[in-house]
Amino acid sequence: MNTAFEKAAKYMRFLRDECGLSITVHDAGRGFITDNIVSIIPYNVHSNGYCLYAKTKREVWDKCIFNQKKVVEKLRRDGAFFGMCYMGVEEFVFPILVGEEVVGFVSVSGYGKDRDRAYGRIIAAAKEYGFDKYELLRKYDEELLHDVPDLEYISTVVEPLCSMLSLIYITFGSKLEHGNKTGGDNYIYGHILSYINRNYQKKITVEDLCRLCHCSRSHISHLFTKKAGMGICAYINKKRCETAKELLVQTEERIQEIAYLVGFDDSNYFTNVFTKFEGMSPREYRNSKRDG
């Protein structure tokens with residue numbers, strides 16, 4: 001089972017990294033996706049900066065989850081569509097079908113083409129949820145993509161993913177339906193990962209994550225360690241070291257500069273952390289790759 005999910009996750013990484021698409025998958029409340037494999041969880045939340053900012057308000061977070069039910073209803077009625085959410089974000093949505101039944105959906109999101117139409121929704125959201133409307137508009141302009149790809153292209157690259165997920169459901173059937181008992185924790189974990197992956201080069205505190213996910217420090221720390229197999233600080237440092245490895249091989253930047261670029265204030269601390277993860281210092285790692 002895990003192999004099937006890993007193949008789907010690999011294809012989603014391809015869509016993200018090679019095609020530049022912001023892909024998310026949702027399971028219509030059945031739990032057959034997010035309850036069964038951790039590799040899918042990062043693709044269960046919108047990771048663009050505008051959505052992450054909006055969800056710092058708990059009411060927005062809750063409404064986004066609630067509206068997924070409406071998305072499923074629209075897919076059952078109309079099939080795949082391109083539309084705008086109540087916060088002004090535009091997205092392509094494709095159903096995951098088993099026969100005529102919608103068991104989930106795939107979203108390609110993060111677009112802000114129709115600013116005139118979105119403006120009214122943004123102003124209404126700012127008033128309802130207590131946002132600074134100018135900051136919300138700035139996030140809309142800076143964080144969303146304003147050129148929308150062709151529908152035929154998106155359909156061509158996304159429909160194979162829908163078929164993969166549909167086949168997983170058909171193959172493993174009722175074994176995958178857990179009633180989404182852990183879906184809430186998975187959703188929180190996905191937001192933490194998205195935030196860290198976007199901001200690891202900056203200072204990140206557990207308090208930042210608590211505000212993002214509207215949870216206590218103890219809950220965040222316990223949940224993350226359970227899901228990731230390591231603490232939050234260790235994961236952030238691991239992410240920084242992974243980026244540092246690329247810079248060490250692909251650039252001529254000094255090690256002190258690389259430490260700064262990936263988010264470390266102290267190059268000596270960077271060296272110690274890197275050595276712990278890789279079993280060799282940054283300088284030794286760079287030389288080993290060049291000698292090879």
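None of the figures in this text is laboratory data; all of them are computed from the coordinates on show. All figures in this text were calculated on a predicted structure; none of them were measured in a lab. Note that we place each Cβ from the backbone using ideal geometry, even for glycine, and neighbour counts take in every protein chain shown.
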Open item on the list: Can you tell me which of CYS19, CYS241, CYS213 moves the most in a GNM of the chain? Springs connect C-alpha atoms under 10 Å apart.
Closed with: CYS19
Open item on the list: Could you compute how fast the range 46-121 diffuses translationally, taking Rh as the Kirkwood radius over C-alpha pairs and applying Stokes-Einstein at 20 °C with viscosity 1.002 mPa s? Give it in µm² per second.
Closed with: 162 µm²/s
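Let me check I've understood the local charge: for ARG121, count other residues with C-beta under 14 angstrom from its C-beta, Lys and Arg +1, Asp and Glu -1. What total comes out?
Taking every Cβ under 14 Å from that of ARG121, the sum is +2.
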- [ ] Report, in deg cm²/dmol and to the nearest 500, the calculated mean residue ellipticity at 222 nm for the chain, where each DSSP H run with n ≥ 4 adds -39500 (n - 2.57) and the sum is divided by the residue count.
- [x] -19500 deg cm²/dmol
- [ ] With N denoting the number of residues in the chain, provide Rg(C-alpha) divided by 2.2 N^0.38 Å, to two decimal places.
- [x] 1.07
TODO: Of the DSSP beta bridges with both residues in the chain, give the percent that are antiparallel, rounding to the nearest 5.
DONE: 95 percent
TODO: Have a look at LYS276, LYS239, LYS55 and tell me which one the Gaussian network model of the chain (Cα, springs below 10 Å) gives the largest fluctuation.
DONE: LYS276
Open item on the list: Can you tell me the length gained on complete extension of the stretch LEU151 to LYS7, counting 0.36 nm per residue apart and subtracting the Cα distance?
Closed with: 49.4 nm
Open item on the list: Quick one: 3J(HN,Hα) in Hz for the range 67-80, Karplus 6.51/-1.76/1.60 with θ = phi - 60°, rounded, Gly and Pro as x.
Closed with: 5, 4, 5, 5, 4, 4, 4, 5, 5, 5, 7, 10, x, 4
- [ ] Identify, among GLN201, PHE94, ILE232, the residue whose Cα sits farthest towards the positive end of the charge dipole of the chain, taking +1 on the Cβ of Lys and Arg and -1 on the Cβ of Asp and Glu, with the dipole about the Cα centre.
- [x] ILE232
Task: Sequence ranges 94-102, 63-71, ranked by mean other-Cβ count within 10 angstrom, highest first - done: 94-102, 63-71
Task: Principal-axis tilt of helix 217-228 within the chain, Cα atoms, nearest 10 degrees - done: 90 degrees
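Of LYS74/LYS226; LYS63/LYS226; LYS55/LYS238; LYS63/LYS139; LYS55/LYS227; LYS203/LYS239, which ones are farther than 24 Å apart at the Cα? Working shown, then result.
Details: LYS74/LYS226 35 Å; LYS63/LYS226 27 Å; LYS55/LYS238 26 Å; LYS63/LYS139 19 Å; LYS55/LYS227 21 Å; LYS203/LYS239 13 Å.
LYS74/LYS226; LYS63/LYS226; LYS55/LYS238, as the Cα separations exceed 24 Å there.
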TODO: Largest first and to the nearest Å, give the Cα extent of the range 184-280 along each principal axis.
DONE: 44, 23, 21
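In a shell of Cβ-Cβ distance under 13 Å around TYR269, excluding TYR269 itself, what net charge do Lys and Arg (+1) and Asp and Glu (-1) give? Don't jump to the answer; show the numbers that get you there.
Values: positive: ARG240, LYS276; negative: ASP265, ASP266.
Around TYR269, the charge tally is 0.
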- [ ] Enumerate the calculated ³J(HN,Hα) couplings along the range 143-154 in order (Karplus 6.51 cos²θ - 1.76 cosθ + 1.60, θ = phi - 60°), each rounded to whole Hz, writing x wherever the residue is Gly or Pro.
- [x] 9, 9, 8, 9, 10, 9, x, 5, 4, 4, 5, 4
- [ ] First select every other residue whose beta carbon is under 12 angstrom from the beta carbon of ALA234; then total the charges, Lys and Arg +1, Asp and Glu -1.
- [x] +4
